Structures are given as C-alpha cells and as structure tokens.
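One structure is given here, and the rest of the page talks about it.
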Amino acid sequence: MLRNLFCIIFSLLILSNCSNKKKNIEEEETIITALLPAIIDSTCMDLRIYEFRLPVPKSVYDKNNKFIRFDYSNLAKDSIIYKGRLDSLNKDTSTLYVQFNPILKDVDEKYKQELFYHFKIKEEKERPRNETLTIPYQNIKTKKKFKLQISSKMPKINKADGVFSNYGSSFSGSFSISRIYFDMERNFGVLTVGYFCGTRCGEGFTIFIKKVSDKWIIDEIVNTWIA
C-alpha cells in the first residue's frame, strides 16, 4: 500500500516538474519573440551607412612623398554630397537581410553572474542548464527594414571577405542570441547577443531584462566587445 502511494506521489512530482518546465520554456519563447524586434533595432546596422565614411580633407604630398598639408578645397562640396547620400540611405526602405539561427544556446557562465550584480539582488547558486531552445522565428516581426533569414536559406559565404556576397548591399550581417538566464523568482533575466558583419566587423552585447507589471522590458543593453 505504502509502495503504491509512494509511486503515485513520485509520478505526480514528475508530471508537475514536466509541466513547470514546459510552462517556463513557453514563457521564455514568448519573451524572446516580444523583445527581439527592439533588440535587433538596437544592435544591428545598415552596413551601407556603417561603411559610408564622413569626408575628410585630402593629404597633399611633394614629389618625395613627404606630407605638405591638408587640402580643404573640396571638403564643403564633399560634405554636402555625403549628407545627401546619407539622408537617402536613411529614407531607403529596402529590405536588409540578417542571418539568424533560431536554435539558441545557454548563456555563457561568465555573464550569468552579471545578472545579480546588475540588479543588485542576492546571488544564487548556479543551476545547471545546457539545453538548446528553438524559438518560433516565423512569429517574429522585426521593425524598420531588417528581415531575419535563417542560416539554411542563406547562400554560401564568400571566403575572401567573410560575408554573403550574393546578397550584395541587401546583406546586413549575422545575428545570434542566447537563451535567457533568469533569477529563481523569474523577475529578472540576462541574455547575450552577437552581431557579425565580416571577418573583422562585429559587436557583442549583454542585455538585461526585467518584469514590470507582468510585462518584460529591456532594462539596459551593454556593449561588451567590438571586432
């Protein structure tokens, strides 16, 4: 009798844990789906603008290749042309493709501790979790002109420059995001983002989120590395 009762209680505990795990995963998917458009807008770039440099005065050298002076004669004209082209790019609504992998990995251990420091909450014992999470990327509606394109649908990378050259100016980098690491009460969270735009082009971010009136919002986006 006691053995049967123990089996029933054990089975109920397993079912309860499975139910809570499923609920937590669904909540995490909902949070990421809701916040991702704002995260992409804050971390991804229009590479046409990024690579479009502010005009500078030309250097003048003598016949021995020794620097003499700066030539400012065309700077005003070049600046007007630059501003016009920049305004045109900012108003351009062409779709910019961002490579994206919907299979999210766990947050790196070194960033998990930042959760407690940032929100000034009591540090907790690490909870082991190395599982991946596949989010329903089809439900993500990005703002502005960025469009997520999963890795399997992107053309092959050009080994010479490390980018998807077949997309030309429509390619705007590769974007990766981690799973969310929550505190025990699931009121605060931290995740990481990586943005890559070439062999030596990219940035990394740590993103802190919190729950306010049952709604998850971004508390701060911190730039952690630049390539």
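The values are calculated or read from the model by the stated rules, or taken from the named source; none is laboratory data. Predicted model only: the values in this text are computed from it and were never measured. When we count neighbours, we look across all protein chains shown, and the Cβ atoms used for this are built from the backbone with ideal geometry, even at glycine.
Looking at Lys22, is it free of Cβ contacts under 8 Å to residues at least 40 places away in the same chain and either of a type outside the set (S, T, N, Q) or under 30 Å from Lys145 (Cα atoms) (or both)?
The answer is yes for Lys22.
Any idea which residue in region 112-145 is nearest to Tyr97 (Cα to Cα), counting only those that are in contact (Cβ under 8 Å) with a residue 12 or more places away in the chain and part of a helix (DSSP H, G or I)?
Top of the filtered list is Tyr137.
Hey, can you tell me all the residues within region 111-145 that are hydroxyl-bearing (Ser, Thr, Tyr), within 18 Å of Ile209 (Cβ to Cβ) and surrounded by fewer than 16 Cβ atoms within 10 Å (Cβ to Cβ)?
Tyr117 - this is the single residue of region 111-145 that is hydroxyl-bearing (Ser, Thr, Tyr), within 18 Å of Ile209 (Cβ to Cβ) and surrounded by fewer than 16 Cβ atoms within 10 Å (Cβ to Cβ).
For region 81-111, which positions are within 30 Å of Thr132 (Cα to Cα), among the hydroxyl-bearing types (Ser, Thr, Tyr) and not in a helix (DSSP H, G or I)?
Scanning region 81-111 gives Thr95, Tyr97.
Please name all residue pairs, on different chains or six or more residues apart, with Cβ atoms under 8 Å, provided the first residue is in region 214-227 and is of a type in the set (Gly, Ala, Ser) and the second residue is assigned to a strand (DSSP E or B) and modelled with pLDDT under 95.
Ala227/Phe196; Ala227/Cys201; Ala227/Gly202; Ala227/Glu203
Looking only at region 27-38, decide whether some residue is at pLDDT below 75, surrounded by fewer than 16 Cβ atoms within 10 Å (Cβ to Cβ), among the charged types (D, E, K, R) and closer than 30 Å to Phe100 by Cβ.
Within region 27-38, none of the residues are at pLDDT below 75, surrounded by fewer than 16 Cβ atoms within 10 Å (Cβ to Cβ), among the charged types (D, E, K, R) and closer than 30 Å to Phe100 by Cβ.
Phe119: at pLDDT 80 or above and in contact with a Leu (Cβ under 7 Å, 6 or more places away or on another chain), yes or no?
No, not satisfied.
Answer with yes or no whether Leu75 is without any contact (Cβ under 8 Å) to a residue 60 or more places away in the chain and touching a Lys or Arg at 6+ places or on another chain (Cβ under 6 Å).
Here the answer is no, as Leu75 does not meet what is asked.
Can you work out which of the residues in region 183-200 that are touching a residue at least 40 places away in the same chain (Cβ under 8 Å) and among the hydrophobic types (A, V, I, L, M, F, W, C) is farthest from Ser94 (Cα to Cα)?
The selected residue is Met184.
I'd like the full set of residues that are basic (Lys, Arg), closer than 27 Å to Gly194 by Cα and surrounded by 13 or more Cβ atoms within 10 Å (Cβ to Cβ), limited to region 39-67.
The answer is Arg48, and nothing else.
Among the residues of region 188-217, write down those that are loosely packed, with under 14 Cβ neighbours inside 10 Å, of a type in the set (S, T, N, Q) and over 16 Å from Ala34 (Cα atoms).
Correct list: Thr199 only.
Considering only region 79-97, state which residues are acidic (Asp, Glu) and either surrounded by 13 or more Cβ atoms within 10 Å (Cβ to Cβ) or touching a Ser or Thr at 6+ places or on another chain (Cβ under 7 Å) (or both).
Result: Asp92, single match.
Which numbered condition trips up Asn4, out of (1) loosely packed, with under 10 Cβ neighbours inside 10 Å; (2) modelled with pLDDT of 80 or more; (3) of a type outside the set (Lys, Arg)?
(2)
Among Gly194, Gly173, Gly189, Gly202, which is in contact with a Lys or Arg (Cβ under 8 Å, 6 or more places away or on another chain) and either part of a strand (DSSP E or B) or of a type in the set (Gly, Ala, Ser) (or both)?
That would be Gly189, the only listed residue that is in contact with a Lys or Arg (Cβ under 8 Å, 6 or more places away or on another chain) and either part of a strand (DSSP E or B) or of a type in the set (Gly, Ala, Ser) (or both).
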